[in-house]
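To start, the structure under review is shown below, and the notes come after it.
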Amino acid sequence: MRKLVRLEISHIPDAVVTSEECGHEKPHEIMFLTILDKLKTAPCDTVMVGDSIEKDIVGAINCGIYPVLFGKKSDKYTYATDYKILREILEGICQ
């Protein structure tokens, strides 16, 4: 949460989940299940964008959430190396 405040973007997310709130850090499934509950959305209708394969991408996959790796290339996962590509991927997914 401090990162969001420091970057002056804390007003953007519809919901935030912290490890302090859940008692676990990613990739523990409770982190992903808690945000799904807060957003009232199903895993199949959700996209996780993250920069860590271990914490973000694998965690999302384990919960049935579609993952997009950001900032790194991958032969195994959908990835975006910049925000323009990320936007194109998200627009394609959300059509």
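The values are calculated or read from the model by the stated rules, or taken from the named source; none is laboratory data. If you're wondering where the values come from, they're calculated on a predicted model, not measured in any experiment. Neighbour counts are summed over all protein chains in view; Cβ atoms, including those assigned to glycine, are modelled from backbone coordinates with ideal geometry.
Observations
- The residue of the stretch 1-15 that is surrounded by the fewest Cβ atoms within 10 Å (Cβ to Cβ), among those that are under 16 Å from the mean Cα position of the chain (by Cα) and part of a helix (DSSP H, G or I), is K3.
- Where Y66 falls short, out of the listed (1) over 13 Å from the mean Cα position of the chain (by Cα); (2) modelled with pLDDT of 95 or more; (3) not polar (S, T, N, Q): (1)
- Within the stretch 1-45, the set of residues being closer than 13 Å to C63 by Cβ and basic (K, R) comprises K26 only.
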